[in-house]
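The values are calculated or read from the model by the stated rules, or taken from the named source; none is laboratory data. Remember, it's a predicted structure, so these values are computed and weren't measured experimentally. So basically every Cβ, Gly included, is an ideal-geometry build from the backbone, and we count neighbours across all protein chains shown. Keep in mind that these areas ignore ligands, DNA and RNA; they rest on the heavy atoms of the full protein, side chains included. Shrake-Rupley method; radii C 1.70, N 1.55, O 1.52, S 1.80 Å.
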Amino acid sequence: MSRAAPSPIFTLRGAGAPLNTLHFSCHGGDTPLLFSGSGKGAIHMWNLNTRRAETVAEGHSGNSVVWVNTLQGTDTLISQGRDMRVCLWDLSEGRTAVLDSLWTGSVGFCQCSLLEMSTETHLLAFAGQQTEEIKIVELPSKTPVCTLIPDAKLGMVMCIKLWQPDSGPGPLLLAGYEDGSLLLWDVTQRAQLSQTKAHPEPVMCLTFDPQCLRGVSGSSEKDLCSWRLDGQNNLQLQDSVPLVNPGVSQLCVRGDGKLLASAGWDHRVRIFGWKKLRPLAVLQYHTDLVLSVAFSDHQDPRQRLLAAGSKDQRISLWSIFNEGADTG
């Protein structure tokens, strides 16, 4: 007999709006934190020890917050809102002050992507003012690095992922577009390296594992699409993973490369083994669309958590497959 579906170990309430984005910060200091961005423009900083919001920051004029992240080794938070701004926050000594902001010009839902180049320098990629435009800047200086515009008309930029390969001179960027295409960009050369049509519908989300050069993407349809990069940086489609119900908001691979989580429009979180994309569990708790999923970065594997944020204004926290489980 299969085991009963697990329940959340606890739930965070009080955001008062849909939870569009989640980001853990659990590896520094004594207090594990979870940041959330809501549909009414609030950023909650949840203390996972007390299970309460330690701070609530309002910095996007009531516009939906679609992405949050932190600069490693600093007290700087980055948030992206539908007010077409990216804000940099100072969280040191209990502050919640906006240090600087960057105008993106984009009214879409494409989340930014952040890449740490050194302890002092980060690259930030975001959808630009033009429909198919991706801009990359250096932080904290906001120095423009490049603008990426595809040769063909692919529609709006829907999702992006910036990363630094182990070999090769500079960063690469994966982008999903409105027509269902995936493009691989060489940031240094400002050049397209590869393109493939992954979905018949817009690419709603993607995630990529640089360790094994594999990725997976989702759309409004009933399938996840997995793909890989070969030695020549060509995108190659692999398996199609069927879902029971259509629609995926977000995808996330756990840091140890063992699990994939999907946020479903059917109110469910699905867990797959990352190696073979084998279905492992269906997490049922939320009463509306699940909009965001994130794995924690606890140093102790036994403390690792999965968080899911929903349109029902709740965040569920789960402890699953943390040790000894076959997750092939």
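Annotations for the structure displayed:
- Hey, LEU280 out of contact with any helix residue (DSSP H, G or I) (no Cβ under 6 Å at 6 or more places or on another chain), open to solvent by 10 Å² or more (accessible area, probe 1.4 Å) and not polar (S, T, N, Q) or not: yes
- Residue in the stretch 318-327 that is open to solvent by less than 20 Å² (accessible area, probe 1.4 Å), on the phi > 0 side of the Ramachandran plot and at pLDDT 95 or above present: no
- Meets criteria (at pLDDT 95 or above, in a strand (DSSP E or B) and open to solvent by 30 Å² or more (accessible area, probe 1.4 Å)) for THR11: yes
- Total residues in the stretch 218-240 satisfying the condition of being assigned to a loop (DSSP other than H, G, I, E, B) and within 20 Å of the chain's Cα centre (by Cα): the figure is 3.
- Residue match in the stretch 168-178 (condition: open to solvent by 20 Å² or more (accessible area, probe 1.4 Å) and over 16 Å from THR196 (Cα atoms)): yes
- Looking across the stretch 291-315, the residues that are assigned to a strand (DSSP E or B) and within 14 Å of LEU48 (Cβ to Cβ) come down to ALA294, PHE295, LEU306, ALA307, ILE315.
- Residues in the stretch 17-33 that are under 19 Å from GLY81 (Cβ atoms) and either open to solvent by 40 Å² or more (accessible area, probe 1.4 Å) or in a strand (DSSP E or B) (or both): LEU19, ASN20, THR21, LEU22, HIS23.
- Residue within the stretch 204-212 that is touching a residue at least 12 places away in the same chain (Cβ under 8 Å), open to solvent by 10 Å² or more (accessible area, probe 1.4 Å), among the hydroxyl-bearing types (Ser, Thr, Tyr) and closer than 30 Å to HIS286 by Cβ present: yes
- The residue pairs whose first member lies in the stretch 87-98 and is open to solvent by 40 Å² or more (accessible area, probe 1.4 Å), whose second member is of a type in the set (A, V, I, L, M, F, W, C), and whose beta carbons are closer than 6 Å, counting only pairs six or more residues apart or on different chains, are THR96/ALA57; VAL98/CYS87; VAL98/TRP89.
- Selected residue (only one of GLY62, GLY73 is in a loop (DSSP other than H, G, I, E, B) and closer than 19 Å to GLY39 by Cβ): GLY62
- Scanning the stretch 88-112 for residues that are among the hydroxyl-bearing types (Ser, Thr, Tyr) and either closer than 14 Å to LEU124 by Cα or under 19 Å from the mean Cα position of the chain (by Cα) (or both) returns SER101, THR104, SER106.
- Top-ranked residue of the stretch 128-145 - restricted to ones that are touching a Lys or Arg at 6+ places or on another chain (Cβ under 8 Å) and buried (at least 18 other Cβ atoms within 10 Å of the Cβ), ranked as nearest to LEU183 (Cα to Cα): GLU132
- With respect to the stated conditions, ASN69 fails to be among the polar types (S, T, N, Q), more than 16 Å from the chain's Cα centre (by Cα) and modelled with pLDDT of 90 or more.
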